[in-house]
Amino acid sequence: MTQLPFRHRFIVFDLDGTLVDSQHTIVHCMGRAFSSDGLPAPTAQAVRGIIGLKLEVAIGTLLPEPDEERALKLAGRYREAFHERLGQPDHDEPLFEGTLECLSALDHPELFLGIVTGKNRRGLERVLAHHEIQHRFTTLRTADDGPSKPHPHVLQLAMADVGADPQDTVMIGDTTFDIQMARSAGCDAVGVDWGYHHRDELKAAGAGKVVDRFSDLRQALIDLSGV
């Protein structure tokens with residue numbers, strides 16, 4: 001058995017913007033939800049900025065003023081638009097380039113892989129089943145399990161699932177919410193440059209490394225380990 005060249009034993013991935021490119025679906029459905037309530041559709045840039053948050057929190061952030069009741073109503077409208085979109089022949093949420101190769105390269109008896117996402121469990125399981133990658137992950141934690149990112153609680157639950165300590169754990173994500181969550185939990189964080197937040201934002205949030213492609217992840221983990 002080949003020894004791992006880095007110290008991390010639990011690698012946690014975000015989903016949207018990290019493994020899966022879902023921005024077009026999210027932007028479309030958010031626009032439909034807002035328009036149905038007489039509000040202007042948020043810009044694509046504004047929507048990309050909140051991807052990763054729990055849906056109700058994301059919508060509340062996009063509203064022109066705080067309104068919890070309206071955010072809950074729009075979340076329901078978003079889900080209706082989303083399920084309608086799923087039935088369209090042009091619906092596509094592809095894996096980012098290199099995702100399958102990365103997951104295969106991390107298939108090692110000493111490694112646990114997990115996902116911590118702002119999606120609900122049903123949505124996460126649908127995406128994983130569609131791409132046939134559900135077997136790659138030991139634990140899945142979602143918006144159903146606790147407060148929205150960047151609160152560390154859901155990541156801490158994932159660590160408890162596999163018996164990992166913070167020093168053994170690294171979070172891989174594309175948003176500042178992922179990075180802040182990891183740092184708050186005492187974990188390392190690696191940002192990815194193909195997602196929805198800029199690399200400078202990821203670095204400022206505390207990412208130890210930001211990678212341009214999945215093939216760079218192994219070296220990033222080695223560098224963080226000081227090996």
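The values are calculated or read from the model by the stated rules, or taken from the named source; none is laboratory data. What you are looking at is a predicted structure, and each value in this text was computed from that prediction instead of being measured. Here the Cβ is made from the backbone with ideal geometry for all residues, glycine too, and neighbour counts use every protein chain on show. Surface areas here come from the heavy atoms of the whole protein model, side chains and all, with no ligands, DNA or RNA. Shrake-Rupley method; radii C 1.70, N 1.55, O 1.52, S 1.80 Å.
Details
- Selection within segment 1-36 - in a strand (DSSP E or B) and of a type in the set (Val, Ile, Thr): 11, 12, 20
- Answer residue from segment 160-179, given it is open to solvent by 10 Å² or more (accessible area, probe 1.4 Å) and farther than 17 Å from residue 221 by Cα and is nearest to the chain's Cα centre (by Cα) among those: 177
- Within segment 38-62, being free of Cβ contacts under 8 Å to residues at least 24 places away in the same chain and either in a loop (DSSP other than H, G, I, E, B) or more than 24 Å from residue 122 (Cβ to Cβ) (or both) holds for 38, 40, 41, 42, 43, 44, 45, 46.
- Residue in segment 47-65 that is under 17 Å from residue 148 (Cα atoms), open to solvent by 40 Å² or more (accessible area, probe 1.4 Å) and hydroxyl-bearing (Ser, Thr, Tyr) present: yes
- Within segment 158-181, being under 13 Å from residue 10 (Cα atoms), free of Cβ contacts under 8 Å to residues at least 40 places away in the same chain and not acidic (Asp, Glu) holds for 160, 163, 166.
- Conditions (1) outside any helix (DSSP H, G or I); (2) surrounded by 13 or more Cβ atoms within 10 Å (Cβ to Cβ); (3) within 18 Å of the chain's Cα centre (by Cα); (4) at pLDDT below 95; number of the one not met by residue 92: (2)
- The set of residues from segment 110-125 being more than 14 Å from residue 54 (Cα to Cα), open to solvent by less than 70 Å² (accessible area, probe 1.4 Å), within 15 Å of the chain's Cα centre (by Cα) and not β-branched (Val, Ile, Thr) comprises 113, 114.
- Counting only residues that are small (Gly, Ala, Ser) and assigned to a helix (DSSP H, G or I), segment 100-121 holds 2 of them.
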